[in-house]
Amino acid sequence: MNKWFSSIGLFVACLLVIGCGGRESDRGDGTPENSNDDKITIALLPKLKGIAYFTSCAEGAQQAADELDNVELIYNGPTTASADKQAQMIDKWRLQGVDVIAVAANDPAVLSESLKKAQDAGITVITWDADAQAEDRSFFVNQATAEAIGSGMVDTMANDLGGPDAAGDVAIISATATAANQNEWMKHMKTRLASYPNLNLVATKFPGEDQNAAFQDSQDLIKKYPNLKGIFGISSVSFPGAAEAVKQAGKTGEILVTGLSTPNDMQPYVKGGEVKTVVLWNTQDLGYLTVYAAAAIRSGELKQGATEFTAGRLGKKLISGDQIMLGDILLFTKENIDQFDF
Amino acid sequence: MKYRREASLIVLVGALSFLATLFDASFVPANAIDILINSIPTMIISCGVMLVIITGEIDISVGSLLGLLAATLALLSSTAEPGLGIHPYLAIAIVLTVGTLIGLGTGCLVVYGRVPSIIATLGLLIALDGAQDWLMGGGDIKHFPQELRYLGTGTTIPINLILTILVVAGTGLLCHKTALGRRIYAVGSNPSAARLAGISVTTTKLFVFALTGMLTAIAAILWVAKLGNVSTSTGAGLELKVVTCVVVGGVSIRGGRGRILGVVLAVILITMIRTVLNFMDLGSEAVKWQRAIEGVMILVAVTSDHFTQRNQPGGKS
């Protein structure tokens, strides 16, 4: 029932947004070239809205918008991870004449045309969370580099298994063999594993998006490698799949699972002991940094070539080329996981 | 020889077990039960789809249907946002009803709408998947009550396996021992003769589609109970696996012929390939091997079906 009410609520909200947009575009269809005394309107587009991950990003974004008194924030996105719907929203915002569009891209190629048109119309385009094609945006707010994620997961696992001398077999359960993010992370994980000579990577599995297969792969690994001490579940399917397999095999505490996830999703396994540490970045800070960067780029404070940039309470953040780095990963453990609700 | 397909499947299962035993002496005792448990969703749905194919139709919407029903169960029973947290038994009853009704609806589309079942269920495959995405809103749903999880993780007695055996036995009895079963075969092997013999082709087809919907609901319930996680990808691709198992199990894709034993063996065979490859140390290439092996099995099954029918004077070719 709640679903229906929220759908109706959404529909009304959409009507309101469209209504406001109409009035805004009536006021003037030109793009505000020099808007020092005007408010900067920032449209923040998640991959999809309504899920905990992006909602917590939006909370951080709203904090930043409240701190910066010249910023007006619009947060809206499709209800499924659809690039076509994102393109439609970008086109709509272009016609409304917003100042900045910040996109977490579902598909760089599909969004390319809409983003180019927005740039041609004088709108500042940046990306966050998931990048678009480099020529279609000015900056990318990068939540964590593949290297930070890859070595972060290995360091976390080694630490949980007893520090630099951690010993035993470990395995990786990925997504599909062609998943670009996962392959990039695994490259850095393997490099990092070399600095723990007693951790032995015995297998890498690709169950795809199939939960049953991820479970089966984990179950088989647990039986095949009696000295298995750790499993990296590096997709949203394989992380809970591996934790569940460890639990059902009665190996809780003997085999640790780690991976990337939002804290709410893995909370039962952290409490249960199958997972000691969950790796992620601070999602609120990601939204916060994106809004600060968007405002600074629009006002001309932040230009290409800069190497660092001060973002409110986050302090100085490094810029590498055209990527603004959020920096360190965030670790959730039994001790702190209840402080986060997303 | 009547049981030729079953015999060759037993040989294949035996050969794979032997191969895996070479790598790990305790392969069979350590994995037999787990392979059976991992085969549960495919096994239960294959029972329904087998009957549909015997009547000369096909249902390729079952993967999306399982996903949609799992999402429904998740939303109804999950104790965390966005779940409604209603009592799991009530949620199970609702899911069983919805599954049966959707199956019946599919049947109506085929029987009364006169849409070829491959096209009707292809459309449903996409539509139900879209409905699943819409229901889920993009995130995973976890946090299920213990009464529900117990069905999939009951520690000493594998309740899910017992239920599956009951479903398989029930399907076997229905097929081979009842009048309704004989009607199902009659409709598939010669619809006009069946009609002349006073069998209602319409009712028989509606029944098998509705039954498939209900069995898919049971599979969805046991899926959630075992894995405790529902995502937008839940069920994706399962329809292909099910049709593969049914066809490899010796059920004629043209209807009228097929036995439950062959299907059960085929499900075990296809499920165990993954575990055997996991135990054989083929490295990360194993996944690509598995896809290739499954594909070859479909081809072998379908072509051998064709040849044996052509060589039999009484066969319908």
One residue is enough: does region B:248-264 have a residue meeting the conditions open to solvent by 10 Å² or more (accessible area, probe 1.4 Å), out of contact with any Cys (no Cβ under 9 Å at 6 or more places or on another chain) and within 14 Å of another protein chain (Cβ to nearest Cβ)? no
Answer yes or no: is there a residue in region A:217-239 that is out of contact with any helix residue (DSSP H, G or I) (no Cβ under 8 Å at 6 or more places or on another chain) and not in a loop (DSSP other than H, G, I, E, B). yes
Taking region A:92-108 and keeping residues away from every other protein chain (no Cβ under 14 Å), closer than 24 Å to B:TRP134 by Cβ and open to solvent by less than 40 Å² (accessible area, probe 1.4 Å) leaves A:TRP93, A:VAL103, A:ALA105
Does B:TYR89 satisfy being within 30 Å of B:ARG182 (Cβ to Cβ), away from chain A (no Cβ under 12 Å) and aromatic (Phe, Trp, Tyr)? no
What are the residues in region A:209-218 that are at the interface with chain B (Cβ under 8 Å from one of its Cβ atoms) and either modelled with pLDDT of 95 or more or surrounded by 22 or more Cβ atoms within 10 Å (Cβ to Cβ) (or both), if any? A:ASP210, A:GLN211, A:ASN212, A:ALA213, A:PHE215, A:GLN216, A:ASP217
Give the number of residues within region A:122-162 that are among the acidic types (Asp, Glu) and open to solvent by less than 30 Å² (accessible area, probe 1.4 Å). 2
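Yes or no, residue by residue, for (1) surrounded by fewer than 22 Cβ atoms within 10 Å (Cβ to Cβ); (2) at pLDDT below 95; (3) more than 22 Å from the chain's Cα centre (by Cα):
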| site | (1), (2), (3) |
| --- | --- |
| B:ALA93 | yes, no, no |
| B:THR100 | yes, no, no |
| B:LEU104 | yes, no, no |
| B:GLY107 | no, no, no |
| B:TYR112 | yes, no, yes |
| B:ASP140 | no, yes, yes |
| B:PRO145 | yes, yes, yes |
Candidates A:THR41, A:THR79, filtered to the one that is surrounded by fewer than 18 Cβ atoms within 10 Å (Cβ to Cβ), assigned by TED's automatic domain parsing to the domain that holds A:LEU289 and among the β-branched types (Val, Ile, Thr): A:THR79
So which of A:THR178, A:THR204 ends up being among the hydroxyl-bearing types (Ser, Thr, Tyr), in a loop (DSSP other than H, G, I, E, B) and surrounded by fewer than 24 Cβ atoms within 10 Å (Cβ to Cβ)? A:THR178
Just wondering, is there one or more residues in region A:62-72 that are assigned by TED's automatic domain parsing to the domain that holds A:ALA121, modelled with pLDDT of 50 or more, open to solvent by less than 30 Å² (accessible area, probe 1.4 Å) and among the polar types (S, T, N, Q)? no
Would you be able to say whether some residue in region B:277-291 is of a type in the set (Val, Ile, Thr), surrounded by fewer than 24 Cβ atoms within 10 Å (Cβ to Cβ) and at the interface with chain A (Cβ under 9 Å from one of its Cβ atoms)? yes
Selected residue (criterion: most open to solvent (accessible area, probe 1.4 Å)) from residues of region B:212-242 that are outside any helix (DSSP H, G or I) and under 22 Å from A:MET266 (Cα atoms): B:THR232
Looking only at region A:251-286, which residues are over 14 Å from the mean Cα position of the chain (by Cα) and part of a helix (DSSP H, G or I)? A:ASN264, A:ASP265, A:MET266, A:GLN267, A:PRO268, A:TYR269, A:VAL270, A:LYS271, A:GLY272
Search result, residues across region A:87-102 that are touching a Pro at 6+ places or on another chain (Cβ under 9 Å) and more than 12 Å from A:ASN76 (Cβ to Cβ): A:GLY97, A:ASP99
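The values are calculated or read from the model by the stated rules, or taken from the named source; none is laboratory data. Everything numeric here is computed off the predicted structure, so don't read it as measured data. For neighbour counting, all protein chains shown are included, and Cβ atoms are generated from backbone atoms with ideal geometry for every residue, glycine included. Just so you know, the surface numbers come from the protein's heavy atoms only, side chains and all, with ligands and any DNA or RNA stripped out. Shrake-Rupley method; radii C 1.70, N 1.55, O 1.52, S 1.80 Å.
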